[in-house]
1. With everything on Cα atoms, drop me the angle between helix 14-81 and the longest principal axis of the chain, reported from 0 to 90° to the nearest 10.
2. Could you work out, for segment 35-82, what percent of all Cα-Cα pairs fall into each 10 Å distance bin, beginning at 0 Å and stopping at the bin that holds the largest distance?
3. Mind giving me the FRET efficiency for VAL34 and GLU76? R0 is 41 Å, r the Cβ-Cβ distance, nearest 0.05 is fine.
4. Per the helix-only calculation at 222 nm, which mean residue ellipticity applies to the chain, given -39500 (n - 2.57) for every DSSP H run of n ≥ 4 and division by its residues, nearest 500 deg cm²/dmol?
5. In the Gaussian network model of the chain, springs joining C-alpha atoms below 10 Å, which of ALA67, ALA42, ALA52 carries the largest mean-square fluctuation?
6. Looking at the chain as a GNM with Cα springs under 10 Å, which of GLU46, GLU16, GLU60 has the largest mean-square fluctuation?
7. Charges on Cβ only, +1 for Lys and Arg, -1 for Asp and Glu, centred on the Cα centroid of segment 40-82; of VAL55, LEU70, SER45, which one is farthest towards the dipole's positive end?
8. Count the lysine pairs in the chain whose Cα atoms sit under 29 Å apart, keeping only pairs 8 or more residues apart in sequence or on different chains.
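Every number here is computed from the coordinates shown, using simple stated rules; none is lab data. Values in this document were obtained by computation on a predicted structure and should not be read as measured data. Glycine gets a Cβ as well: all are built from the backbone with ideal geometry, and neighbour counts include every protein chain shown.
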Amino acid sequence: MIVNQRNCERAFTLVELMVVILIVAILAAVAIPVLRNRVDAAKWSEGKAQTAKYVDYVAELNKLGMAGRLLSAFAEAKSEKS
């Protein structure tokens, strides 16, 4: 009989377990929306960075295109003089 009393003293009661579960649920209810907002903000800023990178690529391609047109115009002008 003494062994059973020791086991009962060491165990958690159902009320204590329910309180712990309630606390974890409340913390999850608060934390999940905050984490979602952070994830959305991170995705938005990643998209913004990717867009900026592509804008830079387009600007470089535009510069190369302008340089190519200038070189071809220069070559045409030089060939017409000859």
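1. The angle comes out at about 10 degrees.
2. Answer for segment 35-82: a P(r) of 24, 24, 17, 15, 11, 7, 2, 0 percent.
3. Numbers: r = 63 Å, r/R0 = 1.54.
It comes out at approximately 0.05.
4. -34500 deg cm²/dmol
5. ALA67
6. It is GLU16.
7. LEU70
8. 5
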